[in-house]
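Some notes on the structure that comes next.
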Amino acid sequence: MAIEGFDYKGFAQSMAEQAKELVPKDLQQNEQEYIVNTLGNFTMLAGEAIYNDESLQITAEQAVFITQIIAEWSYHKSIDLIHSGIEQKYWDSIMQKIAFTIFEVAKQGVIRNVPQEQLLQAVEHHVIKVYKRCIEDLEKRGIINEDVKEQAESQSNIDAMAKQAAEEQIKQKEEPLEEADNKRKEAQKRREEVRKQRRLEKEMEAAAGTITIRQMKLMSLALLLRILSPEKAKSIMDGFDENDNKLILHYMGMANLESQIDGDILVNCLKEMKNLIPSQRKLTQENVMGDLLKIYRANSREKIEKIIKNERPLVKRFISQAYDGEYSGLPLKVADIVAQYVEDSI
């Protein structure tokens, strides 16, 4: 039985698109294309093999994990081969052996529930071992000399990227102490100002014995809910947050609620009630797309993509196509949930 929720084609395409943005720009065009194509092909083949293997009892998340490992190592070792000095006609053979090794090690590790950190270490160990063995074989066959062998074995793009990331992190931490101290003082000052303003507002309310407009509207709503059926009242209250619901229930239980509200204010609040009570919107493709477009207009694409970076490929593709005004065919209820999730995460 196919793995439900595992869109290996979409995932492979997504990995290839990401690789296009990450490939070193100092490489030649054909070398950049080789990296992207190799990563995409191996990810697709591995995903398809997992998807169609009925003997596997793994989840979609585990299937993505395995194929993602293959994608990442395909990226790094392709770059290593480009810098190795080995002729391109030998690259595919080496990459095939590496990809097959990763696939088997990762698959068996997942099946046996090996802790993720240990599994990644095992994969790295076998990748290095196979890569070195392939290079030594080329030397034995007289295809490369000792100098090329040493150059090829010294390549490690994954280590280079890790080193670069560490250096950037250290650089960020080297911010002058005085500047950091000033930032802390400014943040503390802003927090004090906010606290002071809140205290002042509370003191003014207590001194004047006032009721806020929002409280007045909730009191008016409580009066209205008293005469409705419990089912109807509940459906209306479901649209409010927990704090508002507590206030509404409190007001509904007040014996002298009517005396707490000015008559004219009550009439005006009831007229505005339609703006306070959430409306029941019909679930349509146009409404969902409309919600997303409102979010896109108010927020950058980079911000949205950061929110969904850990989501499944189907969700990422849906969001990406929605940017271009296209609906990917996701079930309406699921699409509505995704749109609401993005909006709540902003």
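The values are calculated or read from the model by the stated rules, or taken from the named source; none is laboratory data. All values derive from a computational prediction rather than experimental measurement. Neighbour counts are summed over all protein chains in view; Cβ atoms, including those assigned to glycine, are modelled from backbone coordinates with ideal geometry.
The table below gives the values:
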| read-out | value |
| --- | --- |
| Enumeration of residues in segment 1-20 that are surrounded by 17 or more Cβ atoms within 10 Å (Cβ to Cβ), assigned to a helix (DSSP H, G or I) and free of Cβ contacts under 8 Å to residues at least 60 places away in the same chain | TYR8, ALA12, MET15, ALA16, ALA19 |
| Residues of segment 72-88 classified as among the small types (Gly, Ala, Ser) and under 23 Å from the mean Cα position of the chain (by Cα), total | 1 |
| Whichever residue in segment 12-62 is small (Gly, Ala, Ser) and closer than 30 Å to LYS89 by Cβ and, among such residues, is farthest from the chain's Cα centre (by Cα) | ALA49 |
| Residue list for segment 81-102, filter: surrounded by fewer than 22 Cβ atoms within 10 Å (Cβ to Cβ) and under 20 Å from ALA122 (Cα atoms) | GLN96, LYS97, PHE100, THR101 |
| Some residue of segment 27-49 being aromatic (Phe, Trp, Tyr) and within 17 Å of LYS309 (Cβ to Cβ) | no |
| Residue in segment 118-128 that is in a helix (DSSP H, G or I) and touching a Leu at 6+ places or on another chain (Cβ under 7 Å) present | no |
| Tally of residues being part of a helix (DSSP H, G or I) and surrounded by 15 or more Cβ atoms within 10 Å (Cβ to Cβ) across segment 297-342 | 16 |
| Candidates ILE69, ILE50, ILE82, filtered to the one that is more than 22 Å from TYR131 (Cβ to Cβ) and among the hydrophobic types (A, V, I, L, M, F, W, C) | ILE50 |
| Residue match in segment 276-285 (condition: assigned to a helix (DSSP H, G or I) and at pLDDT below 80) | yes |
| Qualifying residue in segment 12-19 (condition: in the same structural domain as ASN145 (by TED's automatic domain parsing), in contact with a Gly (Cβ under 6 Å, 6 or more places away or on another chain) and closer than 23 Å to TYR131 by Cβ) | yes |
| Filter result for ILE69 (part of a helix (DSSP H, G or I), over 27 Å from the mean Cα position of the chain (by Cα), outside the structural domain of PRO313 (by TED's automatic domain parsing) and closer than 19 Å to MET44 by Cα) | no |
| ASN41 being farther than 23 Å from VAL130 by Cβ and assigned by TED's automatic domain parsing to the domain that holds ILE144 | no |
| Matching residues in segment 21-37 - criterion: being charged (D, E, K, R) and surrounded by 14 or more Cβ atoms within 10 Å (Cβ to Cβ) | GLU31 |
| Matching entry among ILE86, ILE98 (being in contact with a helix residue (DSSP H, G or I) (Cβ under 9 Å, 6 or more places away or on another chain), in the same structural domain as ASP137 (by TED's automatic domain parsing) and closer than 23 Å to LEU119 by Cβ) | ILE98 |
| Test: residue in segment 85-107 that is touching an Asp or Glu at 6+ places or on another chain (Cβ under 6 Å) and assigned to a helix (DSSP H, G or I) | no |
| Selection from segment 286-318 of residues that are among the polar types (S, T, N, Q) and within 19 Å of the chain's Cα centre (by Cα) | ASN299, SER300, ASN310 |
| Any hit, segment 65-75, residues being in contact (Cβ under 8 Å) with a residue 12 or more places away in the chain and over 30 Å from LEU330 (Cβ atoms) | yes |
| Test: residue in segment 40-53 that is buried (at least 22 other Cβ atoms within 10 Å of the Cβ) and over 17 Å from PHE100 (Cβ atoms) | no |
| Residue in segment 103-114 that is within 20 Å of ILE135 (Cα to Cα), surrounded by 14 or more Cβ atoms within 10 Å (Cβ to Cβ) and not small (Gly, Ala, Ser) present | no |
